[in-house]
1. Mind counting the residues in the range 56-83 that are in a strand (DSSP E or B), touching a helix residue (DSSP H, G or I) at 6+ places or on another chain (Cβ under 9 Å) and closer than 17 Å to Phe124 by Cβ?
2. Can you name the number of the only condition in (1) closer than 15 Å to Thr160 by Cα; (2) crowded, with 19+ Cβ neighbours inside 10 Å; (3) in contact (Cβ under 8 Å) with a residue 60 or more places away in the chain that Val53 fails?
3. For the range 124-134, indicate whether the set of residues that are free of Cβ contacts under 8 Å to residues at least 24 places away in the same chain and part of a strand (DSSP E or B) is non-empty.
4. Those residues that are over 15 Å from Leu57 (Cα atoms), modelled with pLDDT of 90 or more and more than 16 Å from the chain's Cα centre (by Cα), I need them from the range 79-134; list them, please.
5. How many of the residues making up the range 31-64 are of a type in the set (D, E, K, R), modelled with pLDDT under 80 and under 32 Å from the mean Cα position of the chain (by Cα)?
6. Quick check on the range 65-78. Is at least one of its residues in contact with an Asp or Glu (Cβ under 6 Å, 6 or more places away or on another chain), modelled with pLDDT under 95, more than 12 Å from Leu161 (Cβ to Cβ) and surrounded by 14 or more Cβ atoms within 10 Å (Cβ to Cβ)?
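The values are calculated or read from the model by the stated rules, or taken from the named source; none is laboratory data. None of the values given here were measured: they were computed from a predicted structure. Please note: Cβ atoms are built from the backbone with ideal geometry, for glycine as well, and neighbour counts cover all protein chains shown.
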Amino acid sequence: MLLVGSLPCMTRIRHLLLPAVLLAATLTGCSSDDQKPTPAAATSNAAPTARTVAGTLMLTDTDGVTWNSTTGCQGDGGYDDITPGAQVTITDAAGATVGLGKLGNGILETAPGATSGKGCKFAFTVPDVPAGKGFYGIEVSHRGVVQYPEKQVFGVLALTLG
């Protein structure tokens, strides 16, 4: 009988306790002691997500090189697209463009393997290329894409044409 008389009181206590327990659980989840690291803090020791691709393009066909007093040497004839400012495109393995840069001014140098004459060497940099793609394609002007593994792309590239 004591049990039956207690039921309404127990029910009221349960109804009062349930909201209090839920409120306490909610407040505990918002405690200032329960701080999670920010994404920047969590990745501060991780490898960079974007890097710079740097290298040179050497135009070795000495008959296809001309001199410009303002910008140095540049391509001529069938290589007239190889000039300072020519676009350098970096693509990922799927062929999506992930970076753009351009050729710098040309410098006359003896072309590797040439017996006479000078070739034209251009430096280039492509900033903010996302790392972690595995393989990358590089294309200068419209000369076709050449594939490189990531380790090689983020080293110093030495491309040749001619």
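1. Step one: list which residues in the range 56-83 are in a strand (DSSP E or B), which gives 56-59, 65-68, 72-75.
From the residues that got through so far, the ones that are touching a helix residue (DSSP H, G or I) at 6+ places or on another chain (Cβ under 9 Å) too are 59, 65-66, 75.
Those left that are additionally closer than 17 Å to Phe124 by Cβ: 59, 75.
Total meeting the criteria: 2.
2. Of the numbered conditions (1) closer than 15 Å to Thr160 by Cα; (2) crowded, with 19+ Cβ neighbours inside 10 Å; (3) in contact (Cβ under 8 Å) with a residue 60 or more places away in the chain, the odd one out for Val53 is (1).
3. In the first step, residues of the range 124-134 are kept if they are free of Cβ contacts under 8 Å to residues at least 24 places away in the same chain; the result is none.
Within the range 124-134, not a single residue is free of Cβ contacts under 8 Å to residues at least 24 places away in the same chain and part of a strand (DSSP E or B).
4. Selection gives nothing.
5. Residues flagged as of a type in the set (D, E, K, R), modelled with pLDDT under 80 and under 32 Å from the mean Cα position of the chain (by Cα) within the range 31-64 amount to 1.
6. yes
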